[in-house]
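Colleague: Below: one structure in structure tokens.
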């Protein structure tokens, strides 16, 4: 046998195997301890008194009212946000005007404002002791501690979600297709529905998904603006807090479990979108 | 529709409508409320504003919010980089699940995360019991606030750094290796400098989010005034006392911090674009 000792090629763009194993182990342990453990805890605590306890918790009138409230808020805030996001992305990507960068910064602003500060702003603007708020209450249109305030707070915290997703995608796709449709005589709406919308639908869906998750889960801003009135303005996250503070642990964690299931559903849909339509989503995203 | 010095002409329709909707919603939802807060500050006056912020309890709360956010974001900087690297470069069983799980803090409501972490780390919780013999107390101490903020901030670092690692050209690492550099040297002198702007951006985003975080922190913090009371909670307490001026004063202080960080993030991004040669 000829003794040709061909050494195996040494990979130079990766780390040695033991180090790889160590790093993978560290990452998995980190995710298990910091992300999976809290998630599992929600369900374990919810099931502390078995299925009966959960069903009893879900049939509490306060819990039901909170679920209805959260779904209603999301059903109003998310479409409004989508309309705003599409309008903002159209104006910003299809036209050139002054101060565009400044406008994009303004759209991003709610991401860096504490939700509590957002709630505070709305109370200062529409609260009973402000001029505007006093006038609105006198005309029987209260905003703070009422439904419109919660919608406004939710809109504030979810404000950049859809626009943020759409703007990079629409910049990348350019204006040529829309301009071609225009020369063929299509109207503005026809261009939007037959040319632009099919191009951005997956990015739009992605933005709506993230927006919805935040809209259903917002706590700080909504807690301040809603006044947390049971059966009237309490949403699911604020109801979780109230149950928890009353030592109704099973009720709190059951409601939290419903929210966690919604979060898992969001993650599943998001991952499916990313695997199947990665090319049509924004290449780099921050949120 | 007007075309002029403010806007270059475009054949596409819909500028008036889309710009109008954008400005209307932006004004009602974002600008008017911010104006209300700043207006309140002007009415109070800078002297009184300073007087209201300048109390030991508020300084303690503001510095706690900032310090805890810094510590948690630094922690996330290290583990976020590790996770992003492992997820992009290595293939292992369960990678996709880990990748999807990184977004959990974005999807899970903060109040849910808050009560779950508290149940875990409380003295009678699973982790709390395991850590107690080591003399470590997490829930109802500042460490608990760090844990909550690590949870909240992690995806910001991972999701900012991940695309940049995907874009790295392996040729650069090969060149470095052919020139005789060992792997550790290549990582430190070739890979890390390329990732630095993304890392900084992710760090700043996590920091900005953590400073103002409320829902996940208040349950685990214990909320002892001067010790584990964060600035947003102090705003909530002042609002519950109907002391709107004091709440506005703390709110303005936090808004100033937010603006400063937003400017920092923009500066980092401009700097990194210039470094890559796009600007």
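The values are calculated or read from the model by the stated rules, or taken from the named source; none is laboratory data. Everything numeric in this text was worked out from a predicted model, so none of it was measured. All Cβ positions, glycine included, derive from the backbone under ideal geometry; neighbour counts span all protein chains shown.
Colleague: Condition first: more than 26 Å from the chain's Cα centre (by Cα) and surrounded by 18 or more Cβ atoms within 10 Å (Cβ to Cβ). Now tell me which residues in the range B:113-147 satisfy that. Spell out the reasoning first.
Modeller: Kept after step one, since they are more than 26 Å from the chain's Cα centre (by Cα), are these residues of the range B:113-147: B:123-126, B:128-136.
Selection gives B:125, B:128.
Colleague: What are the residues in the range B:33-42 that are more than 24 Å from the chain's Cα centre (by Cα) and either surrounded by 14 or more Cβ atoms within 10 Å (Cβ to Cβ) or in contact (Cβ under 8 Å) with a residue 24 or more places away in the chain (or both), if any? It would help to see each step written out before you state the result.
Modeller: First, pick out the residues of the range B:33-42 that are more than 24 Å from the chain's Cα centre (by Cα): B:36, B:39-42.
Across the range B:33-42, the qualifying residues are B:36, B:39, B:40, B:41.
Colleague: Let me ask you something else. Taking residue B:71 as the residue in question, decide whether it is at pLDDT 95 or above, assigned to a helix (DSSP H, G or I) and either surrounded by 14 or more Cβ atoms within 10 Å (Cβ to Cβ) or away from every other protein chain (no Cβ under 12 Å) (or both).
Modeller: Working: at pLDDT 95 or above: yes; assigned to a helix (DSSP H, G or I): yes; either surrounded by 14 or more Cβ atoms within 10 Å (Cβ to Cβ) or away from every other protein chain (no Cβ under 12 Å) (or both): yes.
Yes, satisfied.
Colleague: Would a scan of the range B:6-24 turn up a residue that is in contact (Cβ under 8 Å) with a residue 24 or more places away in the chain, more than 17 Å from residue B:255 (Cβ to Cβ) and touching a helix residue (DSSP H, G or I) at 6+ places or on another chain (Cβ under 6 Å)? Full working, then the answer.
Modeller: Going through the range B:6-24, the residues in contact (Cβ under 8 Å) with a residue 24 or more places away in the chain turn out to be none.
No: the range B:6-24 contains no residue that is in contact (Cβ under 8 Å) with a residue 24 or more places away in the chain, more than 17 Å from residue B:255 (Cβ to Cβ) and touching a helix residue (DSSP H, G or I) at 6+ places or on another chain (Cβ under 6 Å).
Colleague: Looking at B:35, B:20, B:41, which one is in a helix (DSSP H, G or I) and over 21 Å from residue A:159 (Cβ atoms)? So that I can check it myself, show each step before the final result.
Modeller: Working: B:35 fails: over 21 Å from residue A:159 (Cβ atoms); B:20 fails: over 21 Å from residue A:159 (Cβ atoms).
On inspection, the qualifying residue turns out to be B:41.
Colleague: Does residue A:36 qualify as being under 24 Å from residue B:118 (Cα atoms) and at pLDDT 95 or above?
Modeller: Values: under 24 Å from residue B:118 (Cα atoms): yes; at pLDDT 95 or above: yes.
Yes; evaluated as a whole, the condition is true for this residue.
Colleague: Looking at the range B:174-189, which of the residues that are surrounded by fewer than 17 Cβ atoms within 10 Å (Cβ to Cβ) and part of a helix (DSSP H, G or I) is nearest to the other protein chains (Cβ to nearest Cβ)?
Modeller: B:174
Colleague: Taking the range B:127-149, which residues are closer than 20 Å to residue B:213 by Cβ and away from chain A (no Cβ under 13 Å)?
Modeller: B:140, B:141, B:142, B:143, B:145, listed by residue number.
Colleague: Would you point out which residue out of B:226, B:215 is within 28 Å of residue B:49 (Cα to Cα) and either more than 8 Å from chain A (Cβ to nearest Cβ) or out of contact with any helix residue (DSSP H, G or I) (no Cβ under 9 Å at 6 or more places or on another chain) (or both)? Working first, answer last.
Modeller: Values: B:215 fails: either more than 8 Å from chain A (Cβ to nearest Cβ) or out of contact with any helix residue (DSSP H, G or I) (no Cβ under 9 Å at 6 or more places or on another chain) (or both).
Exactly one of B:226, B:215 is within 28 Å of residue B:49 (Cα to Cα) and either more than 8 Å from chain A (Cβ to nearest Cβ) or out of contact with any helix residue (DSSP H, G or I) (no Cβ under 9 Å at 6 or more places or on another chain) (or both), namely B:226.
Colleague: Going by what's in this entry, would residue B:78 be described as part of a helix (DSSP H, G or I), more than 7 Å from chain A (Cβ to nearest Cβ) and over 30 Å from residue B:219 (Cβ atoms)?
Modeller: Working: part of a helix (DSSP H, G or I): yes; more than 7 Å from chain A (Cβ to nearest Cβ): yes; over 30 Å from residue B:219 (Cβ atoms): no.
So residue B:78 fails the test.
Colleague: Something else: Within the range B:107-126, count every residue that is more than 7 Å from chain A (Cβ to nearest Cβ) and touching a helix residue (DSSP H, G or I) at 6+ places or on another chain (Cβ under 8 Å).
Modeller: Quick first cut of the range B:107-126, residues more than 7 Å from chain A (Cβ to nearest Cβ) only: B:114, B:118, B:121-126.
From the residues that got through so far, the ones that are touching a helix residue (DSSP H, G or I) at 6+ places or on another chain (Cβ under 8 Å) too are B:114, B:118, B:121-123, B:125-126.
Qualifying residue count, the range B:107-126: 7.
Colleague: So residue A:215 clears everything in (1) at pLDDT below 95; (2) assigned to a helix (DSSP H, G or I); (3) surrounded by 17 or more Cβ atoms within 10 Å (Cβ to Cβ); (4) within 12 Å of chain B (Cβ to nearest Cβ) except one condition, right? Which one?
Modeller: (1)
Colleague: Does any residue of the range A:110-125 turn out to be more than 7 Å from every other protein chain (Cβ to nearest Cβ) and either farther than 15 Å from residue B:40 by Cβ or surrounded by fewer than 22 Cβ atoms within 10 Å (Cβ to Cβ) (or both)?
Modeller: Yes; the residues of the range A:110-125 include at least one that is more than 7 Å from every other protein chain (Cβ to nearest Cβ) and either farther than 15 Å from residue B:40 by Cβ or surrounded by fewer than 22 Cβ atoms within 10 Å (Cβ to Cβ) (or both).
Colleague: Just to confirm my filter: which helices (runs of 4 or more DSSP H) fall fully inside the range A:58-159 and include at least 1 residues that are closer than 26 Å to residue B:106 by Cβ and touching a strand residue (DSSP E or B) at 6+ places or on another chain (Cβ under 9 Å)?
Modeller: Numbers: elements: A:61-94, A:100-112, A:115-126, A:131-138, A:147-158.
Counting at least 1 such residues, we get A:100-112.
Colleague: Let me ask something else. If only one of A:193, A:243 is more than 16 Å from residue A:64 (Cβ to Cβ) and either in a helix (DSSP H, G or I) or in contact with a strand residue (DSSP E or B) (Cβ under 6 Å, 6 or more places away or on another chain) (or both), which one is it? Steps first, answer last, please.
Modeller: Details: A:243 fails: more than 16 Å from residue A:64 (Cβ to Cβ).
Result: A:193 is the single residue among A:193, A:243 that is more than 16 Å from residue A:64 (Cβ to Cβ) and either in a helix (DSSP H, G or I) or in contact with a strand residue (DSSP E or B) (Cβ under 6 Å, 6 or more places away or on another chain) (or both).
Colleague: Here's another thing I want to ask about it. Would you point out the residue of the range B:86-104, among those that are part of a helix (DSSP H, G or I) and facing chain A (nearest Cβ under 7 Å), that is nearest to residue A:270 (Cα to Cα)? First the steps, then the outcome.
Modeller: Step one: filter the range B:86-104 for residues part of a helix (DSSP H, G or I), giving B:86-89, B:95-101, B:104.
Applying the additional criterion that residues be facing chain A (nearest Cβ under 7 Å) yields B:86, B:89, B:98, B:100-101, B:104.
Values: B:86: 21, B:89: 22, B:98: 14, B:100: 8, B:101: 11, B:104: 11 Å.
Filtering the range B:86-104 for residues that are part of a helix (DSSP H, G or I) and facing chain A (nearest Cβ under 7 Å), the one nearest to residue A:270 (Cα to Cα) comes out as B:100.
Colleague: Is it the case that residue A:14 is within 13 Å of chain B (Cβ to nearest Cβ) and modelled with pLDDT under 95?
Modeller: Working: within 13 Å of chain B (Cβ to nearest Cβ): yes; modelled with pLDDT under 95: yes.
It is true that residue A:14 is within 13 Å of chain B (Cβ to nearest Cβ) and modelled with pLDDT under 95.
Colleague: Out of the range B:43-56, which residues are surrounded by fewer than 18 Cβ atoms within 10 Å (Cβ to Cβ) and touching a helix residue (DSSP H, G or I) at 6+ places or on another chain (Cβ under 7 Å)?
Modeller: Here is the first cut: in the range B:43-56, the residues surrounded by fewer than 18 Cβ atoms within 10 Å (Cβ to Cβ) are B:43, B:45-48, B:50-51, B:53-56.
The one that is surrounded by fewer than 18 Cβ atoms within 10 Å (Cβ to Cβ) and touching a helix residue (DSSP H, G or I) at 6+ places or on another chain (Cβ under 7 Å): B:53.
Colleague: Would you point out which residue out of A:73, A:24, A:107, A:92 is farther than 27 Å from residue A:263 by Cα and buried (at least 17 other Cβ atoms within 10 Å of the Cβ)?
Modeller: On the way: A:73 fails: farther than 27 Å from residue A:263 by Cα; A:24 fails: farther than 27 Å from residue A:263 by Cα; A:107 fails: farther than 27 Å from residue A:263 by Cα.
Selected residue: A:92, the only one of A:73, A:24, A:107, A:92 that is farther than 27 Å from residue A:263 by Cα and buried (at least 17 other Cβ atoms within 10 Å of the Cβ).
Colleague: With respect to residue A:260, determine if the residue is more than 24 Å from residue B:247 (Cβ to Cβ), in a helix (DSSP H, G or I) and either at pLDDT below 95 or in contact with a helix residue (DSSP H, G or I) (Cβ under 8 Å, 6 or more places away or on another chain) (or both). Can you show your working first?
Modeller: Working: more than 24 Å from residue B:247 (Cβ to Cβ): yes; in a helix (DSSP H, G or I): yes; either at pLDDT below 95 or in contact with a helix residue (DSSP H, G or I) (Cβ under 8 Å, 6 or more places away or on another chain) (or both): yes.
Spelling it out, residue A:260 is indeed more than 24 Å from residue B:247 (Cβ to Cβ), in a helix (DSSP H, G or I) and either at pLDDT below 95 or in contact with a helix residue (DSSP H, G or I) (Cβ under 8 Å, 6 or more places away or on another chain) (or both).
Colleague: Now, a different point. Out of A:163, A:234, which single residue is in a loop (DSSP other than H, G, I, E, B) and either modelled with pLDDT of 90 or more or surrounded by 24 or more Cβ atoms within 10 Å (Cβ to Cβ) (or both)? Before you say what the answer is, go through the steps one by one.
Modeller: On the way: A:163 fails: in a loop (DSSP other than H, G, I, E, B).
Within the list A:163, A:234, the selection yields A:234.
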